[in-house]
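For reference, the structure discussed in these notes is given below.
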Amino acid sequence: MAQTPILTVNRIHTYYGQSHILQGVDLSLNERGMVAVLGRNGVGKTTLIRSLIGFNIPREGRILFKGSDITQLDPARRVEAGLALVPQGRRIFGSLTVEENLLSSARKRAKKTVWDQNGVFTLFPQLRDRRKVRASHLSGGEQQMLAIARALVSNPDLLLLDEPTEGLSPSMVRELIKIFSELEREGQSLLLVEQNLKFALDVAEHVFILSRGTVVYESTALDLSQRPDVQLEHLGVSTGAKELPR
Amino acid sequence: MLYWLTHIVNGLSFGMLLFVIAAGLSLIFGLCRIVNLSHGSFYLLGGYIGFSVARFTGSFPLAVIAAMLSMAALGMLTERYLLRRFRVNPLAQVLLTFGLIFVFGDLAQWIWGGTPVLLEKVPMLSGATNIAGFSYPTYRLLILLIGVVIVLLLWWILARTRLGIFIRAAVDDGEMATGVGIRMNLLMTVTFGFGTLLTGLAGCIGAPFLGVYPGLDIEVLLYAMAVVIVGGLGSLKGAFIGALLVGILDSMAKALWPETGMFSMFALMAIALIAKPTGLFGLPMAPSSQVSVTEEMFLDPAPSSTSGSLSAAKTDWWARPAFAWTCAACLLAAGLVCPIILPTYYVRLFTLALIWSIFAMSLDLILGLGGIVSLGHAVFFGICAYTIGLTALRLTSSLFLQIGSALFVCAFAALVLGWLLLRSRGVYFMMLTIAFSEVFRAIAHSWRSVTGGGDGLAAIPRPAWTTSVETFYYCAFLVCIAVFVFLRFFVKSRIGIALVGIRESEKRMTSLGYNVERVKLLSFVVAGVLGGVAGLLYVYFNGYVSPEYFSVDTSAQAITMIIFGGAGTLIGPIIGAFFVVYVKNILSTVTERWTLILGILFVLMVIAAPSGVVGLWRKEWYKFRKKKSLSSE
Ligand SMILES: Nc1ncnc2c1ncn2[C@@H]1O[C@H](COP(=O)(O)OP(=O)(O)O)[C@@H](O)[C@H]1O
Ligand SMILES: [Mg+2]
């Protein structure tokens, strides 16, 4: 039962200049499956992700990834160690083609399932058709797929996802649910930060709720789906108590 | 026909040389988001090293390789050990490369001396080649060929290799590039080194027909900047088209109008600016690429002397206004009695320091207060000086008319230049200010019939009283105080407050309903005229004018003074002026390497104490007072 966690976040404090955003966040992720961190707009979800990938270095606290301390490493080293990011707003390289975007991050790594260009094109067939197209000419949904594909081809041990559903149509969101479930089945570990409660409950097994820079709640997704009081208090929305996800 | 063909081929080959230089500049800018102002210095050093290696080994290809490799190494060292530490502060990076101009330039003069050297061509290449009935110099054709090879090579690297993908990804979004695992630090160092390698190559292959001589660094920098101002930074296409345009235009204009050909460069840049402030193919100026003003570097002109817990200290004697007034009165008294008690030698020195104080204060109005980093403030110094010289020599002996017309011309020039230059922002503005001041210097240099060329205007008739050291001292002293008081009022006025607001956030001031453009232009003109005042005092003090008045040295000295004293204050530039003038005076009796020392001083100031003496003083002061107020609780 007692797995070694793939990622441990130990009381991190992250600042932008003077503003103290993360005020002692604690998290622990087990290997395999998807964990979601939920929170309202502006509570510091993106800041958490930025601290994990290394865009912002926490002033206090520690981040352990696969047992080693990565708190001070720069982003490229973290990617080397096995992290990958699907950032908020996608941030694909607009002047590069789809194929070049994938080449920018591709790396080989000893793992069970190996993602290469062909693999991600099978996962996202639309991208195969548009492989020579400049990424800035893709639609929003395609850009999101490309952002996910770009992260996958680095064959990460842990994939960080920052609000992947933002700005997508309901049918695209359903598509993403399918894709994430498939990734989970294949044994990929994922960390999702989301505002979209329903989506998170659909795809994640375990949830944390972030509020005012700290983790205020932790449970399985199933438990949270039956706690409308918690949902209302920390997220301001509720999916209703009776309906069970999946 | 042949005449024109020759000039076109010459222009094309010069343009290709410029392309090799500007491609490096552009590549560095695209990735590192800084303009390497010392790019011309790498060209110069490449030329000298090529010359030495060719003389030592007798082999031209070896010279080229040596120049390339040594400049790549020097560039990578510069990036790694000087620039990298300022990744979050592009202004400090650009100022560092500015300081390096003087360090490298003077070092080169130290090693290779002040006389031009000419690299011998390979005998095989020194003849002429016949094509379609016309004969062209073979070497020029070779340069054309090298240019084309480099265009293709760069295109291939960028479009067809993984390194190219990394570079383009990093140009798109540097942070995200690190987030997909691209080692940005390494990539930046390598790219910087590659850029300087190209310049070193250009320096060596350009040496056989341009020669290598002190001052070439700045000349090359001017041409490279003209290229990217026209073509745009961060784009190879822009560098290519800009380089050919500048190359051909320059060689045509110089053939047609030997004296005033440089005006064409002025016109070209002005047209490019009006048409598109970021050049024809330039990268759009993303907010991150704007030279942002950092609190660390610019001080608050009037810091709130007491805040929060420090208010307990208000009753201390040093915090009272009376103390400040007493200090001011003491300084004033010291200033008044100093000609009486000091030897003439020092009175002259102090007069010089006062003139420089005025110049530095005037620049600090836009640089420190407005965050408008002009590296070519010398333009106004020179324009005023030349107007005085010309009117005094040719038109009138009336002091009133001379000064009046000088200030008028200066104000007019400031208005036109401000209108043109303030369209651009950040690094483009910095480049343009250097470029325009250098164009003025080049014109003053070549337009012999009017400006007297490199000798300048000498024996300018001066009113009798100016020859008395004491009288002139008091005159400078009065003007300096007047400028100080005026600027103090200006800073506290609505416009001054708006200017500091613009420094902090232009967007916010616009949304508050300020006419940002007008505030900037007005401040620019005021700064220009006051800079001109310094220039006219300088002419009456010295009795001659030379093109060097326009040079970047003049601007650099003022910036050193500002950074030494503390940007954004009024007293800072004065402290800096007295320090720099005094040190320069001491050093010039011991060594000729004044420029080298100025450059090193400049670089060290930017690295160690970017907020200057006043900044250090305030920091210590607050610490001291905090301790005091804590212990009294
Ligand atoms: N670059 C920044 N500088 C200063 N404050 C920021 C910056 N980015 C975000 N913030 C602030 O940090 C807080 C958390 O932001 P963020 O992590 O983006 O929230 P979330 O992703 O949960 O919506 C917000 O209050 C936001 O205003
Ligand atoms: Mg967010």
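The shape of the protein assembly as shown comes out oblate: with a ≥ b ≥ c from the C-alpha gyration tensor, a/c is at least 1.5 while a/b does not beat b/c. Cα centroid distance between region B:472-533 and region B:17-96, in Å? When both Cα centres are located, 37 Å separates them.
Taking amide H as placed 1.01 Å from N in the peptide plane, the amide H of A:Glu60 sits under 5 Å from that of A:His13, each at least 5 places away or on another chain. Percent of C-alpha pairs per 10 Å bin in region B:2-284, short distances first: 7, 29, 36, 22, 6, 1. Under 11 Å from a label point set 7 Å out along the Cα-to-Cβ vector of A:Glu205, the amide N atoms of region A:162-194 belong to A:184-190. In this label model, B:Ser468 and B:Ser511 are separated by 6.0 nm, measuring between points 7 Å along each Cα→Cβ vector. Relative to the current alpha-carbon distance between B:Ser126 and B:Ile274, full extension at 0.36 nm per residue lengthens the span by 49.1 nm.
For A:Arg77 and A:Asn41, a Förster radius of 41 Å and the Cβ-Cβ distance give a FRET efficiency of 0.85, rounded to the nearest 0.05. Among the residues of A:50-56, the average count of other protein chain beta-carbon atoms within 10 Å of the residue beta-carbon is 2.
When the Kirkwood hydrodynamic radius is evaluated over all pairs of different C-alpha atoms of chain A, what value in angstrom, to one decimal, is obtained? Every distinct Cα pair counted, the radius reaches 18.4 Å. With r defined as the distance between the Cβ atoms of B:Ile341 and B:Arg394 and R0 fixed at 45 Å, what FRET efficiency is calculated, to the nearest 0.05? It comes out at approximately 0.65. The ranking of B:Tyr213, B:Tyr474 from fewest to most other beta carbons within 10 Å of each one's beta carbon is B:Tyr474, B:Tyr213.
Remark: region B:430-447, residue by residue, has Karplus-estimated 3J(HN,Hα) of 4, 4, 4, 5, 4, 4, 5, 5, 5, 4, 4, 5, 5, 5, 4, 6, 9, 7 Hz, where x stands for each Gly or Pro and the curve is 6.51 cos²θ - 1.76 cosθ + 1.60 at θ = phi - 60°.
When chain A is treated as a GNM with alpha-carbon contacts under 10 Å, the residue of A:Gln231, A:Gln88, A:Gln126 showing the greatest mean-square fluctuation is A:Gln126. Ignoring aspartates and glutamates fewer than eight residues from B:Lys627 along the same chain, the ones with Cα atoms less than 16 angstrom from its Cα are B:Asp316.
Run through every distinct alpha carbon pair of chain B and return the Kirkwood hydrodynamic radius in angstroms, one decimal place. After inverting the pairwise mean of 1/r, the radius is 25.8 Å. With both labels modelled 7 Å from their Cα along Cα-to-Cβ, the B:Lys626 to B:Leu401 distance reads 6.2 nm.
Extending 7 Å from Cα along the Cβ direction at B:Ile495 and again at A:Gln126 yields two label points whose distance is 5.6 nm. Go ahead and estimate [θ] at 222 nm for chain A from helices alone: -39,500 (n - 2.57) per DSSP H run with n ≥ 4, summed, over the residue count, rounded to 500. Helix contribution divided over all residues of chain A: -9500 deg cm²/dmol. Taking the fewest neighbouring Cβ atoms within 10 Å as the starting point, the ordered list for A:Leu48, A:Leu29 is A:Leu29, A:Leu48. Under a Gaussian network description of chain A, with springs only between Cα atoms under 10 Å, the residue in A:Pro156, A:Pro170, A:Pro75 that fluctuates furthest is A:Pro170.
Among bridges DSSP assigns within the protein assembly as shown, what percent are antiparallel (round to 5)? Intermediate results must be reported in sequence, preceding the final value.
On the way: 29 of 48 bridges.
About 60 percent, rounded to the nearest 5.
For A:Asp116, B:Asp553, what's the fewest-to-most ordering of other Cβ within 10 Å of each Cβ? Walk me through the intermediate numbers first.
On the way: A:Asp116 13, B:Asp553 18.
Exposure proxy ranking, most exposed first: A:Asp116, B:Asp553.
For region B:267-273, backbone phi angles converted through the Karplus equation (6.51, -1.76, 1.60; θ = phi - 60°) give residue-by-residue couplings of 5, 4, 5, 4, 5, 4, 5 Hz, Gly and Pro being listed as x. Which pairs, out of B:Lys237/B:Lys276; B:Lys492/B:Lys628; A:Lys45/B:Lys507; A:Lys66/A:Lys198; A:Lys66/A:Lys108; B:Lys276/B:Lys520, put more than 22 Å between their alpha-carbon atoms? Exceeds cut-off: B:Lys492/B:Lys628; A:Lys45/B:Lys507; A:Lys66/A:Lys198.
Think of it as helices only: each DSSP H run of n ≥ 4 in chain B is worth -39500 (n - 2.57), and spread over all residues that comes to -24000 deg cm²/dmol at 222 nm. Amide hydrogen proximity for B:Ala128: with H placed 1.01 Å from N in the peptide plane, the residues at 5 or more positions away or on another chain lying under 5 Å are B:Thr138.
Bear in mind that the values in this text are calculations on the coordinates, not laboratory data. What you are looking at is a predicted structure, and each value in this text was computed from that prediction instead of being measured. Because the Cβ atoms are built from the backbone with ideal geometry, glycine has one as well, and the counts that use them run over all protein chains shown.
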